[in-house]
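The values are calculated or read from the model by the stated rules, or taken from the named source; none is laboratory data. Please read all numbers here as calculations on a predicted model, not as lab measurements. Here the Cβ positions follow ideal geometry from the backbone for every residue, glycine too, while neighbour counts run over all protein chains shown. The protein model used for the area step is the full one, side chains on, heavy atoms only, and it has no ligands, DNA or RNA in it. Shrake-Rupley method; radii C 1.70, N 1.55, O 1.52, S 1.80 Å.
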Amino acid sequence: MGTLVSNTPVISIQEDFLPLQGTDYVEFYVGNAKQAAHFYKTAFGFQSLAYAGPETGMKDRASYAVRQNKLTFVFTTPLRSQNAMADHIYRHGDGVKILALKVDDATEAWKQTTARGGKTYQEPHILKDAHGEVVVSGICTYGETVHLFVERKNYEGVFLPGYRKWESEYNPADTGLLYVDHCVGNVGWNQMNRWVNFYEEVMGFRNILTFDDNDISTEYSALMSKVMSNGNGFVKFPINEPAEGKKKSQVEEYLDYYDGEGCQHVALATNNIVNTVTDLQSRGIEFLKVPSSYYDELLERVGHIDEDLEPLKQLGILVDRDEEGYLLQIFTKPVEDRPTLFFEIIQRKGAKSFGKGNFKALFEAIEREQELRGNL
Ligand code: FE2
């Protein structure tokens with residue numbers, strides 16, 4: 001065999017210093033983890049996965065992990081007052097604390113990110129049990145939210161050391177939710193570019209889309225948004241900041257009620273949004289509704305779609321198209337009493353964008369809800 005000689009000059013490909021395999025789990029700090037886990041099983045179709053608490057040696061908390069396909073949610077509550085978890089809930093209400101990312105090397109992930117200015121949340125440490133070991137490290141992001149890096153290649157247990165399998169007789173059917181498509185952060189006035197820089201410099205993400213206040217404004221309120229993506233596109237974090245309008249921006253309402261920056265919504269992917277949303281609605285999940293006139297000119301705007309229009313209209317599912325295809329999406333109302341965290345259900349049919357064509361109709365729907373709360 002001869003040697004292949006290439007005359008092509010060597011092009012230096014910028015190496016991804018933080019290779020991410022995707023979202024590992026999302027952890028919520030909540031006032032009552034037992035009831036939250038029940039709600040996500042009943043209403044969203046998650047299955048019991050693992051439990052940690054005093055019975056497993058975790059004296060200060062109870063944590064319930066639930067799973068649906070590649071989606072893992074953890075609900076954690078402190079068992080006593082006067083600690084960081086309790087303070088978090090007192091200040092923010094129920095919300096996302098941890099966006100955990102799956103990595104091959106959690107020590108290296110921590111070294112790379114902290115060397116670039118990331119603030120340590122947890123130094124790399126090993127969690128062990130009879131099923132192997134997991135290395136975890138973490139850095140702080142916006143507000144009190146954190147990114148954990150989870151290296152689980154030497155672990156065969158059900159979730160994490162410290163947890164035991166959660167066997168339950170109560171197993172509602174799933175709703176077809178598959179994985180985290182993206183997680184959106186709301187940050188304060190003039191803070192968007194600071195966090196865009198953080199994701200670029202500390203985590204090696206790229207800004208793949210930008211929406212200014214002309215893209216995202218209604219008659220009354222506005223926001224700006226930049227979408228940050230990691231190298232392989234598995235992890236996407238849009239960052240929103242409020243913009244000046246005649247009335248209060250939805251991002252500002254969030255910041256007031258969350259008492260600071262935090263995760264605004266988590267988008268959950270499905271392969272059949274009509275079936276998923278039919279299921280979710282029948283289980284009591286409430287969605288934002290756009291006026292039925294939205295559907296009058298929908299097909300003129302987005303062209304041919306595979307789905308029948310009638311069920312989309314019945315359910316309130318929105319459609320948008322970009323150069324690569326189209327997407328279907330719908331947004332829940334906030335899932336707690338504070339107007340803070342909500343979920344998006346999304347089905348992508350080629351489109352890699354975020355539904356810009358729906359922003360106006362959607363934000364008008366959000367404003368109708370804000371007005372009912374007296375916050376517009
Ligand atoms: Fe979204």
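Ligands, DNA and RNA aside, Asp105 has an accessible area near 70 Å² when probed at 1.4 Å. Averaging Cα coordinates gives a centre for the range 81-135 and one for the range 47-62; these two points are 17 Å apart. Extension gain for Cys140-Phe17 works out to 42.5 nm (0.36 nm per residue, less the C-alpha to C-alpha distance). Heavy-atom accessible area for Asp296, with the other protein chains in place and a 1.4 Å probe, reaches approximately 100 Å². Rolling a 1.4 angstrom probe over the protein heavy atoms with all chains in place gives the range 272-318 an accessible area of 54 Å² per residue.
Mean projected area of the convex hull spanned by the Cα atoms of the range 23-165, taken over all viewing directions: 8.4 nm². Sort the range 21-62 into rounded, prolate or oblate with this rule: let a ≥ b ≥ c be the square roots of the eigenvalues of the Cα gyration tensor; rounded if a/c is under 1.5, and if a/c is not under 1.5, prolate when a/b is larger than b/c, oblate otherwise. In terms of gyration-tensor shape, oblate.
Among Lys128, Lys247, the sequence by solvent-accessible area, most first, with a 1.4 Å probe is Lys128, Lys247. Calculate for the chain the 222 nm mean residue ellipticity that helices alone would give, adding -39,500 (n - 2.57) per DSSP H run of length 4 or more and normalising by residue count, nearest 500 deg cm²/dmol. So the helix-based figure for the chain works out to -6500 deg cm²/dmol.
The listed residues Arg338, Arg194, Arg91, once ranked by accessible area (1.4 Å probe) with the largest placed first, stand as Arg194, Arg91, Arg338.
Exposure check, 1.4 Å probe, all protein chains in place: Glu371 carries approximately 110 Å² of accessible surface. Pairs with C-alpha atoms separated by more than 25 Å, drawn from the list Lys41/Lys356; Lys41/Lys111; Lys111/Lys236; Lys70/Lys119; Lys246/Lys360, are Lys41/Lys356; Lys41/Lys111; Lys70/Lys119. According to the calculation over all Cα-Cα pairs in the range 68-127, the P(r) per 10 Å bin from zero is 16, 36, 37, 10 %. The accessible-area ordering, largest first, of the residues Glu244, Glu219 stands as Glu244, Glu219, per a 1.4 angstrom probe.
Of all aspartates and glutamates in the structure, those lying under 15 Å Cα to Cα from Lys153, and not within fewer than 8 positions of it along the same chain, are Asp24, Asp104, Asp105, Glu108, Asp129, Glu133. Computed about its Cα centre, the charge dipole of the chain is approximately 760 debye, with only Lys, Arg, Asp and Glu carrying charge at their Cβ. Taking each residue as 0.36 nm, the span from Glu336 to Arg301 lengthens on full extension beyond its C-alpha to C-alpha distance by 9.2 nm. Charges were assigned to the Cβ only: +1 to each Lys and Arg, -1 to each Asp and Glu. The resulting dipole of the range 23-165 about its Cα centre is roughly 300 debye.
The local environment of Lys236, defined by Cβ-Cβ distances under 13 Å, has a net charge of +2 under the rule Lys, Arg +1 and Asp, Glu -1. Among Pro172, Pro19, Pro339, the largest mean-square fluctuation in a Gaussian network model of the chain (Cα springs under 10 Å) belongs to Pro172. Under Stokes-Einstein, with the Kirkwood radius over Cα pairs as Rh, the value for the chain at 25 °C and 0.890 mPa s is 112 µm²/s. Run the paramagnetic zone check for Glu219: 7 angstrom along Cα to Cβ, then residues of the range 242-276 with backbone nitrogen under 20 Å. The answer is 243-251, whose backbone nitrogens lie closer than 20 Å to the label point. Here each label is just a point 7 Å from Cα along the line to Cβ, and for Asn272 and Thr56 those points are 3.2 nm apart. Taken along the Cα-to-beta-carbon direction at a fixed 7 Å, the label points for Leu372 and Lys356 span 3.1 nm. For the range 121-158, backbone nitrogen atoms closer than 11 Å to the point 7 Å from Arg194 Cα along Cα-to-C-beta are found at 142-143.
Here, the range 177-373 has an Rg and a Dmax of 16.2, 46 Å when only alpha carbons are counted.
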